[in-house]
Each structure stands twice: as structure tokens, then as C-alpha cells.
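All of the numbers you see were taken from the coordinates with simple rules; none came from a lab. The structure presented is a predicted model; accordingly, all values stated were derived computationally and were not measured. Positions of Cβ are backbone-derived with ideal geometry, glycine not excepted, and every protein chain shown enters the neighbour counts.
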Amino acid sequence: MNTAITTRPRREGVRLGVKLVTLASAGALVLAACSGGSPEGGAGSSEPDGEVVVENFEMNFFSSPNSLDVARHFDANTMGIMSLFTEPLERLSGDGSLIPNLAEEVTQPDDLTIVYTIREGVQFSNGKELTAEDVAWTIDHVSDAEAGAATSSNLSAVASAEVTGEYEVTVSLHTPDPSARANLALVALVQDSEFAAENAAELGQPSAIPVGTGPYVAISSSAEAVELERNDNYWGDAPVPETITASFLDADDTAQRAMQSGSLNGTLVSNSVALPQYENIPGASIYSIPALQTYFIALDVTAEPFDDVHVRRAVAHAIDREGIMHAAFGEGASILPALIPAGTLTPLSSEAEVDEFFESLELMTFDLDAAAEELAQSQYPDGFEVELAVTSGTWMELAALNLQENLTPLGVTVNITSVTRQEWIDRIFSDNTTEMWPMSLGASVPDPRILAQLVTEPDGTFNLANWAPEDLQSLATDLTESADEELRFEAATTILTRISEEVPYIPLYQPEFTIVLADGFALTETPTVIDMASGLWMQNLVAE
């Protein structure tokens, strides 16, 4: 079977989304493909009617989850694997639309209430019938901040989940939250509550893998791989592969060699600079789409010298975005004209209107003459000294070196400090960041509410710029509480315009999310990170 390398879908504008603080890549999910060959090698074979039978399907995720309970390890890797054996009430797609799943109907009688009608006759993989009690327990489990649920920040508006009928669960909210239903669709992966209660201490570990209703059953888990097999009790259509091996190779070159040898059927791409090597694999199919992530630099407007807008504008003009982007990402990223990507706004308005808004913003282009002019107008015309903490070998380090070189002739000294990835995270959450700080944010769902955390009081938010204009606070409230899409779009665009003017943040890049399949498999649609995390990718996977 020969599968031509597909052209990676690209858009002229920027498309992305935004979540909590994430670190490096756009996230990871499971997907798999299979090369032609013998069944012993995990390849597909044909039944008499011509249907391709896939016995095993190995997909690489690069890093293994610490737990298979999403409340204890919430990231794209975990979601991509867990959504194969535990399922959501609704499946969230990359454009923000919701598709019925375990909940066959969902209503919202008011701004503080979501009512789920549960599909009847669904069984867990252990044969137990799915009940409303299981759904209510799951929602409580993933929203329990006191118990330390990693997913609780996404569900901070959830007050309770109550069984209100034999197949009905009612969720009550503390405050209105237009993204609550989407976040519940993403993280409330329904488990057998009896099994979970009996194995509370070890839930998510190899000895107590959660029991779900999904198309697969996770039969083993280790640091090397998670093994899954088809769930005979699954209520929907059977997936293509009979078994899946989710493996965790540590580098793109390792994954490339494994795919070339036929031992690996699919992989996520952790470093887009490596894409040309994947393109050289015979029959490989590459699927790439703007990821739910944004990279930027925060400038503390309350601290010298960044209390002066001319200094902030000078720094923005001194960054060679284009050069850094190609060095750090190859062809796997685009330049962001605004702090958050278009994909977070399109659920509220048309794509054309979003693009028109982005085109109206002033982009601080790379221009050292303009940087010198801005600095000359500031309170610090002779320059200044600043520290910039970065993680080595990343876009952060390249940006820091570029700023250091470009600002030196202007009398500005940039002292670069190297920190580990964990130190970088710890400093963010301990409010120990420097006046200039490189940052990465990603959205759990396609929604602009993340902006509220970047313009309100810094305590408990990601407002590392300490930028909280009084006249924007009501707009931040509109973003987080209003159900009026037009009002929310106006609030988001007003805030983004002010950021463009006052430059508390310097938008940089939107990376792409890329999956490579070996010869013999294809996807009917290019998946986003959200499509992968919610399990929609499995419905689009076909054997050729």
C-alpha cells in the first residue's frame, strides 16, 4: 500500500487556542498507523470481503503520564490515552462545537445550571451499567480542588453535581461560566465510581487503571508503554485497530528510525525542526494544524525600566521574530499578531471578522532604528540592565540571545540565566519571575477567557506583567461570566487592542500540532489538539 505524503494544511492567518501554563510542545495525544507487512509486525491484513484488519497499532507520545486518572495528571498526553478507555459526556471538537456522547441530551435552563440526560444501556468494560451516580461522581472528582484535582482550575465555577433522575445529572455553578460545559466535555472522563472508590489510593496507577465505557480497555501501564485492547462491551462502532500500544520514545530521531523500520506506526512530533526527516519516510502522511498554544514575553509594567511604554516598545522592535521562529520551529509555527490566537475567538464570531480584527492591530516589527527611537523617548535613553531567565535549548534561549545581541548597541544589557523547566514553572507559581519573562500559555477549550487572567489583579492569575487597568476589569468579567457572544467578542478585542498599544506583553509565536502516520493509515480530517484529547481522532482514523 502506498500513501502519498499529504500536504500539511496551512492557513495564512494564525489559528490556535489557549490553556494553563504549559511548557514545551503543543501537547500530545494518541494516534497510530501501521505499515504494510505481516500481522506479526503489527500490520494490517485483509479479510475475504476486503476489509483491512489491524491487529496492533503502535503510537509514540514521547513522555509517559504519571497517572491514568485525569484528575491526577492532566495534560494532552494523558487525555489522548485516557479518552480511549474513559469517555466524556460530550465530545469537544477543535472549533468549539459539542457532539453528544454519553450524554444524549444537554440543556442549560439558566446561566447557573447544566442538565445532562445520560444515554441508557451503556456498559462499562467490566459489564456494569453506566448510571447517573457514576457521572455525578466523575464530575465531583475532576472538580474537587480540596482533593488536589489537577483539572479543578478548569472547573472552578462548578458548585455541585447531583443525580436528579434515573438518567439525569444536574450541575450547578457558583457563578456563570460560558466555558463550563466545554470544560466538562473535555475533562469529565466518566469512570466506574465503585471501582474508583474501592481503589482510591492507587487510582490511575498500573494496579488500578480506571474502568470506563470507551472503545478500548487499558490492560497494562508502565513507563515504557500503555497497552489497550478493544472493549467488547463498547456501545458504539468498533475502532479500527484491535489493540493499541501507546509507547514513549524520548526523541524525534528515535521515533523516525522506529517508523522507518516498521516498528512504529505513528508519532506526534515534539520538535517541528525535525519535520523534513519525517517527510523522507516512504509513504508517510503528515497532518499539521496550528496548535492550542501561544508563546510571548511578559514585561512587568510596575518595575523599572518597563514602567515606561517606550522601553516596552523598544524591546518589541528589537526581537527578530522571523529569524528566531525558523531557527526554533522550522516551518512548524507562525507569528502571532495578538496575544491570543484566532482559534480562541472564532467560536464567538466569524473567521472573516476575526481575521479583519487581527489585521487592524499594530505589530511591533523587527526594526532596530525604531527600537532606538523609542528608547530615546523613554526615561532610560542611555539604556539599562535586565535579567532574563530561560530554559536551555528552547525558543526562550534563542529569543534571549537575539535580544541580548540586538539591544547591546542601544546600551541595554540582557543577563541571561539558565533554569530547568521545573524551576521555570516553580518560579511562575511562586511569583518569583523577573521583570522580563518568557511565557507559554495554552487553552483547554477554544475560548478567550484566558485574557481575564492576564489583565486582572496578579494574585492567582498569570498576569506576570502586573498590568491591570481599571477600565478593563468589567470587560474581564464579561469574558468570564457573560453568555452573550457579541459582548464577549467586543471585550476580548478591546483588551487585545490595548495590549497591542501598551505592550505589557509581546506576542511571539503559535506552534503547530503535528502527527505523522506510517504507510497504511490515514485520517479523514486533520485533528487539532482538542480533537485528539477528546477522542474524536479515533473516529477519523482509517486503514488503507
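For this structure, a couple of remarks:
- Taking other C-beta atoms within 10 Å as the exposure proxy, M538, M439 rank M439, M538 from fewest upward.
- Inter-centroid distance (Cα atoms) of region 404-470 relative to region 113-144, Å: 39 Å
- Computing Rg and the Kirkwood Rh from the Cα coordinates of region 294-512 gives a ratio, Rg/Rh, of 0.95.
- For the chain, a Kirkwood radius taken over Cα pairs fed into Stokes-Einstein (10 °C, viscosity 1.306 mPa s) yields D = 66 µm²/s.
- From least to most packed, judged by other beta carbons within 10 angstrom and beginning with the fewest, E87, E162 follow the order E162, E87.
- Neighbour counts of C-beta atoms inside 10 Å place V70, V211 in the sequence V211, V70, starting with the fewest.
- With a cut-off of 14 Å on the backbone N, no residue of region 363-389 is near the modelled label site 7 Å out from V273 along Cα-Cβ.
- If only the Cβ of Lys and Arg carry +1 and only the Cβ of Asp and Glu carry -1, the dipole of region 294-512 around its Cα centre is close to 620 debye.
- Put a dot 7 Å past the Cα of E385, heading toward its Cβ, do the same for L487, and the two dots end up 5.1 nm apart.
- Value of relative contact order over the chain, rounded to a whole percent, pairs C-alpha under 8 Å and six or more apart: 25 percent
- In the chain, the longest principal axis of the Cα atoms and the axis of helix 132-143 are about 30 degrees apart.
- Using alpha-carbon coordinates, inclination of helix 395-407 to the longest axis of the chain, degrees: 10 degrees
- Linear extension gain, A223 paired with N432, 0.36 nm per residue minus alpha-carbon span: 72.0 nm
- The convex hull of the Cα atoms of region 243-334, projected and averaged over all directions, covers 8.7 nm².
- Rough spin-label spacing in nm, given labels placed 7 Å along Cα→Cβ, for E525 and F462: 2.6 nm
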